[in-house]
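One structure is given below, encoded as structure tokens.
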Amino acid sequence: MLQKCEGIVIRRTAYGENNKIITIYTRELGKIGVMARGASKPNSRLSAVTQLFCSGYFLVTTSTGLGSLQQGEMVDSLRFIREDLFATAYASYIVELLDKSVEDKKPNPYLYELLSQTLHYINEEYDAEVLTFIFEMKMLPVNGINPVLNQCAVCGETEGEFSFSLREAGFICHRCLGKDPYHYKISPAAVKLLRIFYYFDLSRLGNISVKPETKKELRKIIDAYYEEYSGLHLKSKKFLKQMDTMKDMF
């Protein structure tokens, strides 16, 4: 069946001398894999539209297995992301996290908008690290690992000083710290931002500014939570950590 869809290239693999297999996350069809024949040739009409992170309209022939890309019309190449090493690292992690979190051919327009908005904000040179935190927090429900962030995970209190507990999968208040002696003590700023990133609408994003020490707290908590509950092991995460180490050196 021939179908037109709006999508973003989230993975590509060379196949033979001149072909590519690309994975597109689409608004209409969800995640699909298609063969782009001849796309590796420099003069191919499919060369530009099959670049990683490219967003556009795709005419595909779908089947029970791998589909076929017939035509593509680029809307945005996200040039800054592809030319900036740090932006590339964050964007690569974001698309791999999405890729590993969703099944094929399960449409989710909300997730498509989340991916599109996040990549476009990075391309507009917003803080890529903070945008990655937001994306990670919003992918938790997709992976079925919802943390308790609106109250104490033990007693249900909404007022007090909060720490983060992996054991209780969320915030615990100062009254319940004894329930988890290995809890993470975090600042009120980190508590607030974890809640905001989890609940707020990304389309309402304004100027974002997070202190370096707060970023370190957020990274520690989010990494620990994913490691404990998600079962995901992403190659791009290792690369991203190397990039973060390099960034700290500058």
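Report in % the part of the accessible area of the chain that belongs to carbon and sulfur, leaving out ligands and nucleic acids; probe 1.4 Å.
Answer for the chain: carbon and sulfur cover 50 percent of the accessible area.
Accessible area per residue, 1.4 Å probe, Å², for the chain: what's the number?
Per residue, the chain has 52 Å² of solvent-accessible surface.
I'd like the Karplus ³J(HN,Hα) series for region 33-49: coefficients 6.51, -1.76, 1.60, θ = phi - 60°, whole numbers in Hz, and an x wherever there's a Gly or Pro.
Each residue of region 33-49 in turn: x, 9, 8, 10, 6, x, 5, 7, 6, x, 9, 5, 5, 9, 4, 5, 6 Hz.
Once the other residues with Cβ under 13 Å from the Cβ of Arg11 are scored (Lys, Arg +1; Asp, Glu -1), what is the net sum?
+2
What order do you get for 230-242, 43-55, 144-156 when each peptide is scored by the mean count of other beta carbon atoms within 10 Å, highest first?
Result, highest mean Cβ count within 10 Å first: 43-55, 144-156, 230-242.
Report the GluC sites (Glu not before Pro) located in region 1-105 that are in a DSSP loop and have at most 14 other Cβ atoms inside 10 Å of their Cβ, or state none.
Filter output for region 1-105: Glu17, Glu28, Glu103.
Within the set Lys215/Lys241; Lys4/Lys41; Lys105/Lys138; Lys4/Lys105, which residue pairs have Cα atoms separated by over 18 Å?
Beyond 18 Å: Lys4/Lys41; Lys105/Lys138.
If each of Ala189 and Met246 carries a label point 7 Å out from its Cα toward its Cβ, how far apart are those two points in nm?
2.7 nm
Once R0 is set to 51 Å, what does the formula 1/(1 + (r/R0)^6) return for the Cβ-Cβ distance between Phe239 and Leu2, expressed as a FRET efficiency to the nearest 0.05?
So, using R0 = 51 Å, E works out to roughly 0.85.
Defining a contact as two alpha carbons under 8 Å apart and six or more residues distant in sequence, what relative contact order in percent does the chain show?
Relative contact order for the chain comes out at 15 percent.
Using alpha-carbon pairs under 8 Å, 6+ residues apart, how would you state the relative contact order of region 107-250 in percent?
22 percent
What do you get for the angle between helix 235-249 and the principal long axis of the chain? Use alpha-carbon atoms, 0 to 90 degrees, nearest ten.
The helix 235-249 is inclined about 60 degrees to the chain.
Please determine, in degrees from 0 to 90 and to the nearest 10, the orientation of helix 85-101 with respect to the longest principal axis defined by the Cα atoms of the chain, where the helix direction is its Cα long axis.
90 degrees
So what are the ³J(HN,Hα) numbers for region 176-189, from phi and the Karplus equation (6.51, -1.76, 1.60; θ = phi - 60°), rounded to whole Hz, Gly and Pro as x?
10, 4, x, 5, 9, x, 9, 5, 9, 7, 9, 6, x, 5
Where does each of 75-81, 34-40 land if you order them by average Cβ count within 10 Å, highest first?
Those peptides, ordered most packed to least, come out 34-40, 75-81.
Rounded to the nearest 5, what % of the DSSP beta bridges within the chain are antiparallel ones?
Taking every DSSP beta bridge within the chain, about 90 percent pair in antiparallel fashion.
If the chain between Ser203 and Ser47 were fully stretched, how many nm would it gain, using 0.36 nm times the residue separation less the Cα-Cα distance?
In short, 53.1 nm is gained.
Give me the number: length gained by fully extending Glu228 to Gln71, i.e. 0.36 nm times residue separation minus the C-alpha to C-alpha distance, one decimal in nm.
52.3 nm
Work out the charge dipole of region 111-179 with +1 on the Cβ of Lys and Arg and -1 on the Cβ of Asp and Glu about the Cα centre, then indicate which of Tyr121, Gln151, Met139 is farthest towards its positive end.
Farthest towards the positive end: Gln151.
For a quick check: with amide H placed at 1.01 Å from N, whose amide H comes under 5 Å from Gln70's, ignoring anything fewer than 5 positions away on the same chain?
Under 5 Å from the amide H of Gln70 lie the amide H atoms of Leu59, Val60, Thr61, each far enough along the sequence or on another chain.
Using 0.36 nm per residue, how much length does the chain from Glu103 to Asp84 gain when fully extended, once their Cα-Cα distance is taken away?
Difference between extended and current length: 3.9 nm.
Output the 0 to 90 degree angle, nearest 10, between the alpha-carbon long axis of helix 212-229 and the longest principal axis computed from the alpha carbons of the chain.
Computed tilt is about 80 degrees.
Under the classification rounded if a/c is under 1.5, otherwise prolate if a/b is larger than b/c and oblate if not, where does region 204-250 fall, given a ≥ b ≥ c as square roots of the Cα gyration tensor eigenvalues?
Cα axes put region 204-250 in the oblate bin.
Aspartates and glutamates near Lys185 by alpha-carbon distance under 12 Å, same-chain residues fewer than 8 away left out - which ones?
Partners found: Glu161, Glu217.
The values are calculated or read from the model by the stated rules, or taken from the named source; none is laboratory data. What you see is a predicted model; the values in this text were computed from it and never measured. We place every Cβ from the backbone using ideal geometry, glycine too, and count neighbours over all the protein chains shown. When the accessible area is computed, the model is the full protein with side chains, heavy atoms only, and any ligands, DNA or RNA have been set aside. Shrake-Rupley method; radii C 1.70, N 1.55, O 1.52, S 1.80 Å.
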